[in-house]
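Student: The structure follows.
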Amino acid sequence: MSGGQRDMSEKQELYEAPRAKTKRKGVLWFTICCVLIAVLAAIIIPVYFFVIKKGSGGSGSGSSGGSSHTGTGADTSTTTGGSQSVLTSGGDGSIVTKSDGTTFTYNNTFGGYWVYDVNNPLNNSARAQSYTPPLSQPWRFGVDKIYGVNLGGWLNLEPFISPALYEPFFPRAVDEWTLCEQIMARDGNLDAIANHYATFIVEEDFAQIAAAGLNWVRIPIAFWAIETYPGEPFLAKTSWTYFLKAIEWARKYGIRINLDFHAVPGSQNGWNHSGKLGDMNFLNGVMGVANAQRTLDYIRIMAEFISQPEYKDVIPFFGILNEPQGGTLTKEAMRAFYAEAYKIIRTAGGSGQGNGPVISLHESFFGLGDWVGFLPGADRLAMDSHPYLVFGQFAAGEPADFSSAPCGNWGDLFGGSMSAFGITAAGEWSHAINDCGLYVNAVGRGTRYEGTFPGFTAVLGDCARWNDYTTWTPATKAGLRDLSASTMDALGDWFFWTWRIGESLATGKVEAPFWSYKLAIQEGWAVTDPRTSEGQCRRLGSAGNSYYAGGGGTFTGAQIGQGVVDAIAEVPSLASFTWPPAAIGGFPNAAVLPTYTATGPVPTLPVPSQPQATPAPTGTTDFGTGWNNAADNGLMHVPIPGCAYPNAWDANNAAVPNC
């Protein structure tokens, strides 16, 4: 989440199960069909895998094709083993078998189809919708629209998204740092966090996201997926296991991933989603350079993983730093960091389209226009900004009162960035028209709407109405749908924040309903087909996104990696940025600050385990090594032995060590 003030930025199944067909005639026909399918499969599958498969599929060694599909909804193929058979692809109404053997019905009226075969788990031929390219085909930025949603609060916790984890410790747990401390004190372990990872987002969510007409997910992740330093209380080296599941599920349902680095050492903004509420120690204060060095190493480790041919088509977008607080960081230090990260990522993945991800840079609250001209000729740079009505000028009103605001506020802004800079996407936005909702403004901070937030005394209304979606009228829901459609149209390419808000322990229901796309679908205020949002601003008397309103079209040249041979050498402006930067927040002479030394071993992120299923796979799958570029063999930045570094999370007023 984002906002103008730091405190304000702390930011069931959807579908009824199909009715069982109980008539005996239906059972008889089902049985006959199963027998026929089994017989046909014994004939067709060997022909398919040994004759057809070699000529189908996608790009890269991890993109070989498997099951073909017309998108008409029929179950298309099976993997057999003894007397058992498991479907390996299907469209609307097909039965999906999960790795634990349980099943569910896949509902997708947009022509999407899933594909998964334990004998070919890297198959990239799934398609989220008929209007979305399968993973085996490249994404056409500027033509194919990103209809995305965040999986916020899953692998990087936030109080308002997962209130049930925080409520038992009110008011002591205010961020993931203090939550881990409280859980460890109570339980002696952090199993509650691991259980959250395992249950908050599951495979069905990915199927439902595709069924909602959405084709991308943005997945926030924190540095402790890789490691922690002594004194950092986070659950280390665990969330990555669940990110690997996300890759599997995204591949299965044809959804692309924007990997978002959401929390970095020292905190890049001092907000609760950065891991620790309070001070910024990234590019700010005594440990600002050292924390940035550590952050770049983690960016490198993730870039090496996602650039592997087995994963690059599923994760073609990398948001390298969520919401760095430009009000505290110096602009030049931020630009130097981005320039260094660019070199690291292009070293890991290579140059030109299809080699490594699009690199998404948050505008750091300097504004999208401020970045025009940054690194001209760079290979596949994108801009990210997070527009929220609720964190702008604050006013009371009904949803319908705000329905045209996104058009005027953001249409030219985002369209202009697409025309002047290149790929531009809104990494976050929501339906919120006020700051009501449990813990939306951080734990125990109240709301501006009710005049209970520090510094606000005017009372605009009672949040009870907005927190209880069961009382919302058809007019309220219609207003939210219109607001949603105009936001989609104005932004062009976007990711809603967020897919799911967890239920409160106290009430058993969602207490921040503006922020849940899943709940919006379930309760009827979501746009049921995001394509229908196109032209919404024009219908309201505004031009909407100026880029798409002008006809759109693919970007050209280096913007999408065309003609790029050497992504570093061909960007001469990189030489104008020094690393570490000459100055950072609080220190005009950063040369006096402590740094880490590149003498440590580099951890490699693990690849998935071999699929476990019944029937068992007939062979093993090469999931890669976790590292794309073997020539990228530099060492990790680690503390200098004997240096008395101050607390890396609380060093703004610390003495500078002599080391």
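The values are calculated or read from the model by the stated rules, or taken from the named source; none is laboratory data. The structure displayed is predicted, hence computed values, not measured ones. Heads up, the Cβs are rebuilt from the backbone with ideal geometry, glycines too, and the neighbour counts pull from every protein chain shown. Accessible surface areas use protein heavy atoms only, side chains included; no ligands, DNA or RNA. Shrake-Rupley method; radii C 1.70, N 1.55, O 1.52, S 1.80 Å.
Student: Which pairs do you get when a residue that is over 20 Å from Ala341 (Cβ atoms), found in the stretch 274-292, comes within reach of a residue that is surrounded by 24 or more Cβ atoms within 10 Å (Cβ to Cβ), reach meaning Cβ atoms under 6 angstrom, with the pair 6+ apart or on two chains?
Tutor: Short answer, once both residue conditions are applied: Lys276/Asp175; Lys276/Ser267; Leu277/Asp175; Gly285/Ala651; Val286/Ala651.
Student: Considering only residues of the stretch 460-474 that are hydrophobic (A, V, I, L, M, F, W, C) and outside any helix (DSSP H, G or I), which is least open to solvent (accessible area, probe 1.4 Å)?
Tutor: The selected residue is Trp472.
Student: Would you pick out the residues in the stretch 517-560 that are closer than 30 Å to Glu167 by Cβ and in contact with a strand residue (DSSP E or B) (Cβ under 6 Å, 6 or more places away or on another chain)?
Tutor: Within the stretch 517-560, Tyr517, Leu519 qualify.
Student: Let me ask something else. Just to check your reading of the model, which residue among Ala173, Ala207, Ala198, Ala212 is open to solvent by 10 Å² or more (accessible area, probe 1.4 Å), at pLDDT 95 or above and more than 21 Å from Ile299 (Cα to Cα)?
Tutor: Ala198
Student: Could you tell me how many of the residues in the stretch 418-430 are open to solvent by less than 10 Å² (accessible area, probe 1.4 Å) and either assigned to a helix (DSSP H, G or I) or over 19 Å from Ser533 (Cα atoms) (or both)?
Tutor: Restricting attention to the stretch 418-430, the residues satisfying the condition of being open to solvent by less than 10 Å² (accessible area, probe 1.4 Å) are 418, 422-429.
Within this subset, residues satisfying the condition of being either assigned to a helix (DSSP H, G or I) or over 19 Å from Ser533 (Cα atoms) (or both) are 418, 422-423.
Of the residues in that region, 3 qualify.
Student: Any residue that is of a type in the set (Val, Ile, Thr), under 26 Å from Asn409 (Cβ atoms) and crowded, with 21+ Cβ neighbours inside 10 Å - is there at least one of those in the stretch 475-496?
Tutor: Yes.
Student: Ok, one more. Just to be sure before I move on: is Thr328 modelled with pLDDT under 95 and either part of a helix (DSSP H, G or I) or β-branched (Val, Ile, Thr) (or both) in the structure I sent?
Tutor: yes
Student: Going through the stretch 121-169 one residue at a time, which ones are part of a loop (DSSP other than H, G, I, E, B), over 20 Å from the mean Cα position of the chain (by Cα) and buried (at least 24 other Cβ atoms within 10 Å of the Cβ)?
Tutor: Hits for the stretch 121-169 are Leu122, Asn123, Ser125.
Student: In addition: So which residues in the stretch 215-232 are within 22 Å of Gln268 (Cα to Cα), open to solvent by less than 30 Å² (accessible area, probe 1.4 Å) and in a loop (DSSP other than H, G, I, E, B)?
Tutor: Ile226, Glu232
Student: Taking the criterion of being within 27 Å of Gly624 (Cα to Cα) and outside any loop (DSSP other than H, G, I, E, B), would at least one residue in the stretch 97-110 satisfy it?
Tutor: yes
Condition check ((1) at pLDDT below 95; (2) closer than 22 Å to Glu363 by Cβ; (3) surrounded by 24 or more Cβ atoms within 10 Å (Cβ to Cβ)) across all residues:
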| position | (1), (2), (3) |
| --- | --- |
| Gly278 | no, no, no |
| Phe282 | no, yes, yes |
| Gly285 | no, no, yes |
| Ala303 | no, yes, yes |
| Glu310 | no, no, yes |
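Student: Since Met636 meets every condition but one in (1) under 25 Å from Thr228 (Cβ atoms); (2) in contact with a Gly (Cβ under 7 Å, 6 or more places away or on another chain); (3) open to solvent by 30 Å² or more (accessible area, probe 1.4 Å), which condition does it not meet?
Tutor: Unmet condition: (3).
Student: Take the residues in the stretch 241-259 that are of a type outside the set (D, E, K, R) and surrounded by fewer than 19 Cβ atoms within 10 Å (Cβ to Cβ); name whichever of them is nearest to the chain's Cα centre (by Cα). It would help to see each step written out before you state the result.
Tutor: Filtering the stretch 241-259 for residues of a type outside the set (D, E, K, R) gives 241-244, 246-247, 249-250, 253-255, 257-259.
Add one more test, that the residue is surrounded by fewer than 19 Cβ atoms within 10 Å (Cβ to Cβ), and what stays is 241, 244.
Details: Thr241: 16, Leu244: 13 Å.
Among them, the one singled out is Leu244.
Here's the yes/no breakdown for (1) open to solvent by 50 Å² or more (accessible area, probe 1.4 Å); (2) aliphatic (A, V, I, L, M):
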| site | (1), (2) |
| --- | --- |
| Ser364 | no, no |
| Gly367 | no, no |
| Pro376 | yes, no |
| Ala382 | no, yes |
| Ala395 | no, yes |
| Pro399 | no, no |
| Ala405 | no, yes |
| Asn409 | yes, no |
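Student: Based on this model, can you work out whether Pro606 counts as within 30 Å of Gln325 (Cα to Cα), in a loop (DSSP other than H, G, I, E, B) and open to solvent by less than 80 Å² (accessible area, probe 1.4 Å)?
Tutor: no
Student: Check Asp401, Asp412 and return the single one that is touching a Ser or Thr at 6+ places or on another chain (Cβ under 6 Å) and among the charged types (D, E, K, R).
Tutor: Values: Asp401 fails: touching a Ser or Thr at 6+ places or on another chain (Cβ under 6 Å).
Step by step, each of Asp401, Asp412 is checked, and only Asp412 is touching a Ser or Thr at 6+ places or on another chain (Cβ under 6 Å) and among the charged types (D, E, K, R).
Student: Mind listing whichever residues of the stretch 271-325 are closer than 22 Å to Tyr596 by Cβ, of a type in the set (Gly, Ala, Ser) and under 17 Å from the mean Cα position of the chain (by Cα)?
Tutor: Correct list: Ser274, Gly275, Ala303.
Student: Another question, if that's okay. For Val592, are the conditions met, namely being of a type in the set (Val, Ile, Thr) and out of contact with any helix residue (DSSP H, G or I) (no Cβ under 9 Å at 6 or more places or on another chain)?
Tutor: Yes, satisfied.
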